[in-house]
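Student: What follows is a structure written as structure tokens; I'll ask about it next.
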Amino acid sequence: MVSRTGISIAPPDLCSWARRGAIIVPHTIFGPSVWKRTDFRHESEWTRVFPTNELALNATMGCVRRDLLAGRGFCVLRGLEVDRHDFDALRLAFWRLAAHLGEIIPQNADGDLLRCVTDLGDEVTGSQDAPRALGHRGRARMLPHSDSSDIVALLCARQARIGGGNSVSSSMAIHNEILRTHPEYLNPLYEGFYFDLTGKTKTDDGRTDHRIPVFSCDKTGLSCMFNKSRIETGMRRAGIPLNDFQQAAIDYLNSLAMHEEFAIPLRLIPGDILLLNNHSTLHAREQYEDWPEPDRKRLMLRLWVNLNSERKEAQALK
């Protein structure tokens, strides 16, 4: 993947593939973004200290950028003192940090740049009777997915009473496991699906106007775009519901992303900032029970950042 400024935003993986006519023949992916849970021994391997001044911020964010684009694809910054900031100051500190990585982009049709991820009563049921229900507005489990940006940044302001932990997995390692165990599933995943656009358009029945590949590969590397529920709903809205084989393919990918062999559980504490490369990782959230007091409810702040990417799959979902 190459940005509009010509900067490569793909990890330095070897995406070996070939074409036979119009058919892509996937091969095993190699590189630092290909990992499993057992490749890490301690959270210190992906955690950095939050910078305390502008000079340290510049140096730290340079290292974070390498972690995201030329390394494992995720990083946690720890140590932002949330109790010492009012909400506006907290948002500003978070914004300044994320802006070091690229352009902060809108997350919905209303143009919101910073979203509060907290329980507003939405429950994602998959039912067409509740098309506006969005996972970040409820307490239900959020399945492994990637967001519609190059980078997603999540700041933990308050924890839930019980549950609500995040997890991250390498979509590159998952690709390799599918190739090893069920290579037949890669054909529909490379062919792609129509994605639901709930929350991203002004109407409740939006979908992409073309298929979005779950895995796409060019000379700069492999990229993943995955959201199980948006694929299922998008295909229904296109009038071509998933057949049994397609359903099995996305179910298998989803199960791998949740499996303990691939998923790293992350228990974020207040002041932690989780940064993820959406091209090479998938993230999820467990169900949670919240505090009854409004000022104690779980609260995460979210920013989407683009590195001036030309990635057509992400652009189609914005």
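Student: Just to confirm a number: summing +1 for Lys and Arg and -1 for Asp and Glu over residues other than Met235 whose beta-carbon lies under 10 angstrom from that of Met235, what do you get? All intermediate terms of the calculation are to be shown ahead of the outcome.
Tutor: Numbers: positive: Arg207, Arg211, Arg230, Arg236, Arg237; negative: Asp196, Glu232.
Once positives and negatives cancel, what remains is +3.
Student: Need one number: nm distance between label points at Arg66 and Ala99, each 7 Å from Cα along Cα→Cβ, rounded to one decimal.
Tutor: Modelled inter-label distance: 2.6 nm.
Student: Hey, another quick one. Which of the trypsin sites (Lys or Arg not before Pro) across segment 166-242 are loop residues per DSSP, with 13 or fewer other Cβ within 10 Å?
Tutor: Numbers: sites: Arg180, Lys200, Lys202, Arg207, Arg211, Lys219, Lys228, Arg230, Arg236, Arg237; in loops: Lys200, Lys202, Arg211, Lys219.
Those satisfying the criteria are Lys202, Lys219.
Student: Explain nothing, just the number: dipole magnitude of segment 27-316 about its Cα centre with +1 on each Lys and Arg Cβ and -1 on each Asp and Glu Cβ, in debye rounded to the nearest 20. Don't jump to the answer; show the numbers that get you there.
Tutor: Values: 36 positive and 39 negative charges, 71 e Å.
Taking the Cα centre of segment 27-316 as origin, the dipole is about 340 debye.
Student: Relative contact order for segment 27-316: what percent, with Cα pairs under 8 Å and sequence separation of 6 or more?
Tutor: On the way: 584 pairs, mean separation 97.4, N = 290.
The normalised contact order for segment 27-316 reaches 34 percent.
Student: What ranking do 73-82, 36-45 get when scored by the average of other Cβ atoms within 10 Å per residue, highest first?
Tutor: Numbers: 73-82: 20.2, 36-45: 11.7.
Top to bottom by mean Cβ count within 10 Å: 73-82, 36-45.
Student: Separate question: Expressed in nm², what is the orientationally averaged projection area of the convex hull enclosing the Cα positions of segment 27-316?
Tutor: Details: hull surface 59.5 nm².
With the hull built on Cα positions only, its mean projection is 14.9 nm².
Student: Using 7 Å Cα-to-Cβ label points, what is the Ile162/His27 separation (nm, one decimal)?
Tutor: 5.1 nm
Student: Report the full-extension gain for the segment Asp83 to Ser44: residue separation times 0.36 nm, less the Cα-Cα distance, to one decimal in nm. Walk me through the numbers before you get to the answer.
Tutor: Values: separation 39, 0.36 × 39 = 14.04 nm, distance 2.33 nm.
Here the answer is 11.7 nm.
No lab work stands behind these numbers, since they all come straight from the coordinates. Quick caveat, the model's predicted, so the values are computed rather than measured. Methodologically, a virtual Cβ is constructed for each residue, glycine included, from the backbone with ideal geometry; neighbour enumeration extends over all protein chains shown.
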